[in-house]
Amino acid sequence: MKIRSNLAVSDSGFIFDPTTGESFSTNETGKEIIRLLRSGKTEADIRAYFSEQFDVEETIFEKHLFDFLNQLSSMQLTDNQ
């Protein structure tokens, strides 16, 4: 999954879509996931990163990651290529 390149993401988690004029907000975890996706990381890479960096239960994080990625897609913030 790729995040659309024209999205603006601020340090505070504000996401602006210049195509539609819509804005969204996310937390620190969401910002980090977006940053990792932009750098070309896969879902497996992201799961591994969070497992290594933070004390998270892998199955719980996997569900939240799946939900977050589906939400990004449903808001049309991804390039589904």
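Would you point out the residue of region 43-62, among those that are among the aliphatic types (A, V, I, L, M) and part of a helix (DSSP H, G or I), that is farthest from R4 (Cα to Cα)?
Here is the first cut: in region 43-62, the residues among the aliphatic types (A, V, I, L, M) are 44, 46, 48, 56, 60.
Restricting the remaining residues to those that are part of a helix (DSSP H, G or I) gives 44, 46, 48, 60.
On the way: A44: 20, I46: 18, A48: 23, I60: 26 Å.
Only one residue fits best here, namely I60.
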Task: Of all residues making up region 36-46, the number that are surrounded by 13 or more Cβ atoms within 10 Å (Cβ to Cβ) and of a type outside the set (D, E) - done: 5
Task: Any pair with Cβ under 7 angstrom, 6 or more apart, that starts in region 44-70 at a residue that is within 18 Å of K31 (Cβ to Cβ) and modelled with pLDDT of 90 or more and ends at one that is of a type in the set (G, A, S) and buried (at least 16 other Cβ atoms within 10 Å of the Cβ) - done: F68/G30
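Would you be able to tell me the number of residues in region 63-81 that are within 13 Å of the chain's Cα centre (by Cα) and in a helix (DSSP H, G or I)? Working first, answer last.
Step one: filter region 63-81 for residues within 13 Å of the chain's Cα centre (by Cα), giving 64-79.
Subsequent filtering for residues that are in a helix (DSSP H, G or I) retains 64-74.
Count: 11.
Here's a check for you: in region 1-42, which residue that is in a loop (DSSP other than H, G, I, E, B) and among the hydrophobic types (A, V, I, L, M, F, W, C) is nearest to the chain's Cα centre (by Cα)? Working first, answer last.
We begin by selecting, within region 1-42, every residue in a loop (DSSP other than H, G, I, E, B); these are 1, 4-7, 10-13, 17-22, 26-27, 39-42.
When the remaining residues are screened for being among the hydrophobic types (A, V, I, L, M, F, W, C), the result is 1, 7.
Numbers: M1: 9, L7: 12 Å.
Going through the qualifying residues, I end up with M1.
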TODO: Run down I33, I60, I3, I15 and say which single residue is out of contact with any strand residue (DSSP E or B) (no Cβ under 8 Å at 6 or more places or on another chain), surrounded by 16 or more Cβ atoms within 10 Å (Cβ to Cβ) and of a type in the set (A, V, I, L, M).
DONE: I33
- [ ] Among what's in region 47-57 and is touching a Phe, Trp or Tyr at 6+ places or on another chain (Cβ under 9 Å) and surrounded by 11 or more Cβ atoms within 10 Å (Cβ to Cβ), pick the residue that is farthest from D79 (Cα to Cα).
- [x] V56
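Considering only region 1-35, state which residues are aliphatic (A, V, I, L, M), out of contact with any helix residue (DSSP H, G or I) (no Cβ under 7 Å at 6 or more places or on another chain) and under 14 Å from Q71 (Cα atoms). Even if it seems obvious, please write down each step before you answer.
Kept after step one, since they are aliphatic (A, V, I, L, M), are these residues of region 1-35: 1, 3, 7-9, 15, 33-34.
Narrowing the set further to residues that are out of contact with any helix residue (DSSP H, G or I) (no Cβ under 7 Å at 6 or more places or on another chain) leaves 7-8, 15, 34.
The answer is I15, I34.
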Task: Condition check for S23: surrounded by 10 or more Cβ atoms within 10 Å (Cβ to Cβ), hydroxyl-bearing (S, T, Y) and modelled with pLDDT under 95 - done: no
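The values are calculated or read from the model by the stated rules, or taken from the named source; none is laboratory data. As the structure is a computational prediction, the values presented were derived from the model and not from experiment. For neighbour counting, all protein chains shown are included, and Cβ atoms are generated from backbone atoms with ideal geometry for every residue, glycine included.
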